[in-house]
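Heads up: the structure comes next, in structure tokens.
The values are calculated or read from the model by the stated rules, or taken from the named source; none is laboratory data. Here the structure is a predicted model, which is why all the values come from computation and not from measurement. Here Cβ is always computed from backbone atoms with ideal geometry, including for glycine, and neighbour counts include all displayed protein chains.
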């Protein structure tokens, strides 16, 4: 057997769309088998249910364009194709960013994670302080409406009229 017993691949299933729409998901399964045969150099390929569920998740007519799988050779001589899940790297990347002082995805744009924590604490302190407790207990004063100024209808409105159109000015200047 080869030195590497386990490999991770991203399989491009774009050519599945060239087949008839009622045969796309089975064709995607066959393409995964062909890919595994070619890369792992073994004819006996077994596909896990999780991978099959990913292919068939949107039905027979629209399988995914790409799929990320883990292929591992077993001691019995067959290749097992399973779904690839990588939870370790996603947490490691955020830890590295935090150590370097880079803002995390959760924080606001342009602010570091420390600034985001300060914003959260200031918002919490604002919520704790009562808002205008004195005015809530005081009686409400009624405001009387002042009479509006009367506008004379006979007064001419102020409108500005242009005496000379711009085309006439251009002709006179020539």
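For this structure, a couple of remarks:
- Single condition residue 11 does not satisfy, out of (1) within 24 Å of the chain's Cα centre (by Cα); (2) assigned to a strand (DSSP E or B); (3) without any contact (Cβ under 8 Å) to a residue 40 or more places away in the chain: (3)
- Residue check, residue 58 loosely packed, with under 14 Cβ neighbours inside 10 Å and either over 14 Å from residue 78 (Cβ atoms) or touching a strand residue (DSSP E or B) at 6+ places or on another chain (Cβ under 8 Å) (or both): yes
- Scanning segment 19-43 for residues that are outside any helix (DSSP H, G or I) and surrounded by 14 or more Cβ atoms within 10 Å (Cβ to Cβ) turns up 19, 42.
- Test for residue 51: is it in the same structural domain as residue 70 (by TED's automatic domain parsing) and closer than 14 Å to residue 71 by Cα: yes
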